[in-house]
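In what follows, a single structure is set out as structure tokens and then discussed.
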Amino acid sequence: MTELMEYFSFLWELLKRDLKKKYYKSVLGVVWTLLNPVLMMLVMTVIFSTLFRRSVEYYPAYYLCAYVLLNFNNTATAQALGCIPANGNLLRKIHLPSYLFCLATVGVNGFTLLLSIIPLLGVCLLVGVPVSWYWLLIPAPLLYTVIFTTGLSLLLAAVGVFFRDMAYLYGIVTTVWMYLTPMFYPVTIIPRPYRFLWELNPMFHYTEILRNLVLYQTMPSERSLLIAGAYSLLTLAAGIHVFRSCQDRFYVHL
């Protein structure tokens, strides 16, 4: 933490650089961040709302609760895979903690996640979800997801230095991960004997917590909060450990 604070100004410059790069020559710029989840919601609503409308209340908002979290996690971790090699020239010239580039990747996508909450709440109002004080607790599942994604990004960033083909394999992993997360379907369609497989998925718990707060105005169970917190902290600890163990060998492979 002391080292992170020492290099915080550099991390801030990385964040600004990556944000500018993300929206460079984009006509609508940040507006795309607001439009993207809405457009995806419209497509999925047209395709699946008729199929699941009887079992899923407020379907468009139900879908968006999972989409904003899953999209953040998948995008940030996929970009983290190549963030160290992509900045190899800079790391060879200047002595810097290499994890700063990973944190910058998560930070930029975290900014996108925060903006995505705006269309999510807008859709909630349009489909008739009651406004509740539980909405004030939305930062909790966001924080869980950010911590988990940071840990996973650190782990993948270390792996990506040594195994460049991992970027292609991870695309398959994220696709499977999307179908194993109840994003456009209710978990109730899964036979109960196999439902524990879905509960092994951290994103399942984060999306359920967000849906409880936003759609159903209920506090998540203590069990759900403990499981979500354990996944986040254990993944962060694992990511830090793997990254620190490997970072001295990065320069040989850059």
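Dipole magnitude of the chain about its Cα centre, charges +1 at Lys/Arg Cβ and -1 at Asp/Glu Cβ only, in debye to the nearest 20?
Details: 17 positive and 10 negative charges, 97 e Å.
So the dipole magnitude of the chain works out to roughly 460 debye.
Set the Förster radius R0 to 22 Å, insert the Cβ-Cβ distance between Ile118 and Tyr7 as r into 1/(1 + (r/R0)^6), and round the FRET efficiency to 0.05. Walk me through the intermediate numbers first.
Details: r = 31 Å, r/R0 = 1.41.
That pair, Ile118 with Tyr7, gives E of 0.10.
Would you work out the relative contact order for the chain, in percent, from Cα pairs under 8 angstrom that are 6 or more residues apart? The partial results should precede the final answer.
Numbers: 268 pairs, mean separation 69.6, N = 254.
It rounds to 27 percent for the chain.
Between Phe148, Phe163, Phe184, which gets the highest mean-square fluctuation from a Gaussian network model of the chain, Cα cutoff 10 Å?
Answer for the Gaussian network model of the chain: Phe163.
What spacing in nm lies between the two simple spin-label points modelled at Leu180 and Tyr168, each 7 Å away from Cα in the Cβ direction?
Result for the modelled spin labels: 2.2 nm.
Between Ser116, Ser153, Ser224, which gets the highest mean-square fluctuation from a Gaussian network model of the chain, Cα cutoff 10 Å?
Greatest mean-square fluctuation among the candidates belongs to Ser224.
Which FRET efficiency value, to the nearest 0.05, is calculated for Tyr251 and Lys20 with the Förster distance at 35 angstrom and r the Cβ-Cβ distance? Provide the component values of the computation, followed by the final result.
Values: r = 28 Å, r/R0 = 0.79.
The value I calculate is 0.80.
May I ask you to list, by number, the DSSP H helices of the chain whose Cα span along the axis is at least 24 Å and whose average Kyte-Doolittle hydropathy reaches 1.6 or more?
Working: long enough: 31-52 (31 Å, 1.94); 59-80 (31 Å, 0.35); 99-126 (41 Å, 2.09); 139-162 (35 Å, 1.78); 222-246 (36 Å, 0.95).
The qualifying helices are 31-52, 99-126, 139-162.
Quick one: if the Förster radius is 22 Å, what FRET efficiency do Trp133 and Glu57 give, using the C-beta to C-beta distance and rounding to 0.05?
0.65
Helix-derived [θ] at 222 nm for the chain: sum -39500 (n - 2.57) over DSSP H runs of at least 4, divide by residue count, nearest 500?
Values: 13 runs with 187 residues, N = 254.
Dividing the helical sum by the residues of the chain leaves -24000 deg cm²/dmol.
Would you list which aspartates and glutamates come within 19 Å of Lys16, measuring only between C-alpha atoms, while excluding same-chain residues fewer than 8 positions from it?
Glu6
Excluding ligands and nucleic acids, what accessible area in Å² is computed for Tyr179 using a 1.4 Å probe, to the nearest 10?
120 Å²
Run the numbers for Ser221 and Leu126: contour at 0.36 nm per residue of separation, minus the present Cα-Cα distance, in nm. Provide the component values of the computation, followed by the final result.
On the way: separation 95, 0.36 × 95 = 34.20 nm, distance 2.77 nm.
Stretched fully, the Ser221-Leu126 segment lengthens by 31.4 nm.
The values are calculated or read from the model by the stated rules, or taken from the named source; none is laboratory data. Predicted model, so just to flag it, every value in this text is computed and none were measured. Here Cβ is always computed from backbone atoms with ideal geometry, including for glycine, and neighbour counts include all displayed protein chains. With ligands, DNA and RNA removed, areas are computed over all heavy atoms of the protein, side chains included. Shrake-Rupley method; radii C 1.70, N 1.55, O 1.52, S 1.80 Å.
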